[in-house]
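Single-structure report; data block below.
Read-outs: derived from the displayed coordinates by stated rules, not from any lab. Remember, predicted model here, so these are calculated numbers, not experimental data. Virtual Cβ from ideal backbone geometry, glycine too; neighbours counted across all protein chains shown.
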Amino acid sequence: MKQKIDTKAAPEAIGPYSQGMIFSDLVFTSGQLPLVPETMEFVQGGITEQARQSLENLKAVLEESGAGIDTVIKTTCFLSDMESFAAFNAVYADVFGTENAPARSCVEAARLPKDALVEVEAIAYKK
């Protein structure tokens, strides 16, 4: 049976979806935008700050589910501009490391919700 993930440590859903879902030992997160949970506004700054906030939001959803950054199997990353790829990678590597980083797809999107610069979703397993 599936179970909804709901945490105040990450932005609330801005549409008809859940922050994430648990099925058995697997965790599926919705795309995490760089919104500050308390204000529901974007973090100030550019791609580096937005990438870090999106990944912090992802971490909060994962931890609420019983998973964590260290149990992520696959991520899908959306960038508004592929010119930001190197800066995004620097933050991503800081969070996930390089030795046992999850599988990943990273694509440029024509437009992200609220005109974000980045959005990240993940599949993980519960610890």
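Using Cβ counts within 10 Å as a stand-in for footprinting exposure, how do 119, 12, 63 rank, fewest first?
12, 63, 119
Just to be sure I follow: if Rg is taken over the C-alpha atoms of the chain and Rh is the Kirkwood radius over the same atoms, what is Rg/Rh?
Radius of gyration relative to Kirkwood radius: 0.94.
Can you compute the helix-only [θ] at 222 nm over the chain? Use -39500 (n - 2.57) per DSSP H run of at least 4 residues, normalise by all residues, nearest 500 deg cm²/dmol.
Computed mean residue ellipticity for the chain: -8000 deg cm²/dmol.
Straight distance only, please: which lysines reach the Cα of residue 74 with their own Cα at less than 20 Å, same-chain residues fewer than 8 apart left out?
Qualifying lysines at Cα under 20 Å: 2, 4, 59, 126, 127.
Can you list, bin by bin at 5 Å, the percent of alpha carbon pairs in segment 1-41, starting at 0?
Going out from 0 Å in 5 Å bins, segment 1-41 shows 5, 24, 31, 22, 12, 5, 2 percent.
Apply the Karplus curve 6.51 cos²θ - 1.76 cosθ + 1.60, θ = phi - 60°, to the phi angles in segment 107-123 and return the couplings in whole Hz, x for Gly and Pro.
10, 8, 10, 4, 7, 9, x, 6, 6, 4, 8, 8, 8, 9, 10, 8, 10
Which is farthest toward the positive dipole end of segment 2-125 among 79, 65, 110, measuring Cα position about the Cα centre, with Cβ charges +1 (Lys, Arg) and -1 (Asp, Glu)?
Farthest towards the positive pole: 65.
Considering amide H positions built from the backbone, and no H for Pro or chain starts, which residues 5 or more places from residue 20, or on another chain, come under 5 Å of its amide H?
Result for residue 20 returns 5, 30.
Sort 92, 125 so the one with the fewest other Cβ atoms within 10 Å of its own Cβ comes first.
125, 92
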